[in-house]
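First comes the structure, then the notes that go with it.
FYI, it's all coordinate maths here, none of it is from the lab. Worth saying up front: this structure is predicted, and the values here are computed from it rather than measured. Positions of Cβ are generated from backbone atoms using ideal geometry, with glycine treated the same way; all protein chains shown enter the neighbour counts.
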Amino acid sequence: MRMLLISNSTNYKEPYMQWCAPLIGGFLKQAKTAGDGIIFIPYAGVKIGGKDLPASYDVYEERVKTALAPLGLEIKSIHHFGDPVKAVNEAKAIMVGGGNTFHLVSEIHKNKLIEPVRRKIMEGAPYIGWSAGSNVACPRLCTTNDMPIVMPESFKCFDLIPFQINPHFTDPYPQEINDALRHGGESRQDRIDEFLTVNPQITVAGLREASALWVEDCAVTLKGSRDMRVMRHGKPAVEIKPESKFDFAFQKK
């Protein structure tokens with residue numbers, strides 16, 4: 001099993017996918033994938049480029065293909081296929097983009113893709129996801145940051161890893177920030193603490209911007225420039241440094 005689970009596609013004031021494109025190229029090269037036969041799942045892209053569905057998927061596909069063109073990849077969006085399950089079964093790699101995770105999960109279930117994608121990745125096909133695409137590698141939808149704009153058939157996701165990811169994890173504002181700018185609601189940490197209170201058996205990985213999890217079987221390496229926060233119910237949070245190697249239980253390798 002080979003996966004690259006990226007927090008964000010784009011850093012602030014940078015071109016689209018600039019920071020993660022080299023990481024994607026290195027990942028596919030190490031996975032010994034020629035770069036052809038990549039199926040892109042765009043269902044999280046509800047309104048890309050100001051377009052409504054399904055035109056938004058076309059724009060999303062072109063945006064990703066353009067950004068990754070220097071890598072020489074052959075990418076085709078699954079929405080062009082009459083039989084999405086067959087497209088997954090014949091793919092050499094799976095790529096899932098970010099956007100609204102509720103819509104992504106809803107469409108994955110509508111198209112009966114949970115088990116085909118899971119089986120394909122467990123058989124060794126590389127998986128690349130960013131933001132919502134990383135979220136759906138988890139057991140469930142529950143630790144996304146998105147508004148529930150649709151009701152999925154189920155919160156069940158691909159269940160490729162035994163923990164939850166919170167992409168775009170942000171730390172609380174410093175106490176000295178101007179009161180006029182302070183967010184009055186719960187912090188990201190508060191929301192995750194709520195999740196852990198009712199799901200005490202599940203671990204959550206807070207994946208900050210410009211970071212990613214490089215997974216090979218049960219071995220994980222934190223890539224990027226920022227620490228990752230590991231959160232468990234009733235225990236202090238643990239910070240993991242970039243290039244650290246660990247297993248699915250977050251024990252150092």
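Quick notes on this structure:
- Taken over region 196-243, the criterion of being closer than 16 Å to residue 165 by Cβ, more than 18 Å from the chain's Cα centre (by Cα) and of a type in the set (Gly, Ala, Ser) is satisfied by 237 alone.
- When the criteria are applied in full, residue 77 fails the requirement of being in contact with a Ser or Thr (Cβ under 9 Å, 6 or more places away or on another chain) and small (Gly, Ala, Ser).
- Residue that is farthest from the chain's Cα centre (by Cα) [pool: residues in region 111-125 that are assigned to a helix (DSSP H, G or I) and hydrophobic (A, V, I, L, M, F, W, C)]: 122
- Just one of the listed residues (128, 108) is touching a residue at least 24 places away in the same chain (Cβ under 8 Å) and more than 12 Å from the chain's Cα centre (by Cα), and it is 108.
- Residues of region 35-79 classified as of a type in the set (A, V, I, L, M), under 20 Å from the mean Cα position of the chain (by Cα) and either within 22 Å of residue 148 (Cβ to Cβ) or exposed (fewer than 14 other Cβ atoms within 10 Å of the Cβ) (or both), total: 4
- Positions within region 192-230 being of a type in the set (Val, Ile, Thr), surrounded by 15 or more Cβ atoms within 10 Å (Cβ to Cβ) and more than 20 Å from residue 146 (Cβ to Cβ), in sequence order: 203, 215, 220, 221, 230
- Yes/no for residue 23 being surrounded by 15 or more Cβ atoms within 10 Å (Cβ to Cβ) and either more than 18 Å from residue 131 (Cβ to Cβ) or free of Cβ contacts under 8 Å to residues at least 60 places away in the same chain (or both): no
- Count - residues of region 86-105 that are within 13 Å of the chain's Cα centre (by Cα) and assigned to a loop (DSSP other than H, G, I, E, B): 4
- The single condition among (1) closer than 17 Å to residue 132 by Cβ; (2) surrounded by fewer than 18 Cβ atoms within 10 Å (Cβ to Cβ) that residue 83 does not meet is (1).
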